[in-house]
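Chemist: One structure follows; several queries about it will come next.
The values are calculated or read from the model by the stated rules, or taken from the named source; none is laboratory data. Please read these numbers as outputs of a predicted model, since none were measured by experiment. A quick note on method: Cβ atoms are made from the backbone with ideal geometry, for glycine too, and the neighbour counts reach across all protein chains shown.
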């Protein structure tokens, strides 16, 4: 039998204030593990483990790991099948790119198994195709950082082009995940159809300065540039105690605190050189705990994206 290939696909956050469906950032942890080995033909999912595993389809035509994998195999002209095992480390409906990690991990597994024939941006596109299947609209803001690592910008979807920036080394991340489930399709359903010109101007200004801040390593400017007057306000009613959690993070040293992706995770950025991420994490966790909600926290940093273990 062919040897197993193991891929770690990290959690990510998307939107990051004003960059709806455009900005993404890879975490160092947590991550999913996608394993695969070549077989003569067909795609088979032999096991799914981890949080939310019972919610994940075992049909290869309906699972984002194998949809992305098949897309890579097709484009690379592969003449073999793959047996897949999935170990989830990122809970579905978390706002931490769970489906993105599945899609990206499957695409990256295919990339390795086919001898890395495709350009890496095409691998990202294959993962985005799978995201479209699971969420209803094709978007690459989670799969791009999951595969490429760092801070990513989707310049355009047609034609597809993604850019990568190496984030500042002292940018710390606090991720808080309350015991609330928000599925991407549901969180998109509450978004407004139209945006005021005043809000558009706000978003362009904040998005532009965040890119500059990431490139120049200006952490204070990163904090001031994460703002959203359209999407987070529309989604806030889906996440109880969101504003209280964000305020707690800010009061304990965060540069900024905001809704991660479609929620319910609450993201906070902080300066690793001057502040303690554990203190920020505990302050956010306390808000949810005092309101009867369990909350998992990670104090982590920006990650390098999918990698072979």
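Chemist: What residue, of 26, 68, 11, 101, is modelled with pLDDT of 95 or more, closer than 17 Å to residue 175 by Cα and part of a helix (DSSP H, G or I)?
Modeler: Numbers: 26 fails: part of a helix (DSSP H, G or I); 68 fails: closer than 17 Å to residue 175 by Cα; 11 fails: part of a helix (DSSP H, G or I).
Answer to the selection: 101.
Chemist: If you don't mind, another one. Of all residues being surrounded by fewer than 24 Cβ atoms within 10 Å (Cβ to Cβ) and out of contact with any strand residue (DSSP E or B) (no Cβ under 8 Å at 6 or more places or on another chain) in the range 72-98, which is farthest from residue 266 (Cα to Cα)? Just the residue, please.
Modeler: Restricting to residues being surrounded by fewer than 24 Cβ atoms within 10 Å (Cβ to Cβ) and out of contact with any strand residue (DSSP E or B) (no Cβ under 8 Å at 6 or more places or on another chain), the top hit is 79.
Chemist: So residue 117 ticks every box in (1) surrounded by fewer than 24 Cβ atoms within 10 Å (Cβ to Cβ); (2) touching a strand residue (DSSP E or B) at 6+ places or on another chain (Cβ under 9 Å); (3) touching a residue at least 40 places away in the same chain (Cβ under 8 Å) but one. Which box is left unticked?
Modeler: Unmet for residue 117, out of (1) surrounded by fewer than 24 Cβ atoms within 10 Å (Cβ to Cβ); (2) touching a strand residue (DSSP E or B) at 6+ places or on another chain (Cβ under 9 Å); (3) touching a residue at least 40 places away in the same chain (Cβ under 8 Å): (2).
Chemist: Please verify whether the range 247-257 includes one or more residues that are more than 20 Å from the chain's Cα centre (by Cα), part of a helix (DSSP H, G or I) and modelled with pLDDT under 95.
Modeler: Going residue by residue through the range 247-257, those that are more than 20 Å from the chain's Cα centre (by Cα) are 247-255.
So of that shortlist, the ones also part of a helix (DSSP H, G or I) come out as 247-251.
From what's left, modelled with pLDDT under 95: none.
No.
Chemist: Given the range 163-227, what helices (runs of 4 or more DSSP H) lie entirely inside it while holding 2 or more residues that are surrounded by 14 or more Cβ atoms within 10 Å (Cβ to Cβ) and either at pLDDT below 95 or on the phi > 0 side of the Ramachandran plot (or both)? Write out each step before concluding.
Modeler: On the way: elements: 184-189, 197-216, 219-225.
In the range 163-227, the matching helices (runs of 4 or more DSSP H) lie at 184-189.
Chemist: Scan (1) over 21 Å from residue 190 (Cα atoms); (2) in contact with a strand residue (DSSP E or B) (Cβ under 8 Å, 6 or more places away or on another chain); (3) buried (at least 18 other Cβ atoms within 10 Å of the Cβ) for the single condition residue 272 breaks and write down its number.
Modeler: Just one mismatch for residue 272, condition (3).
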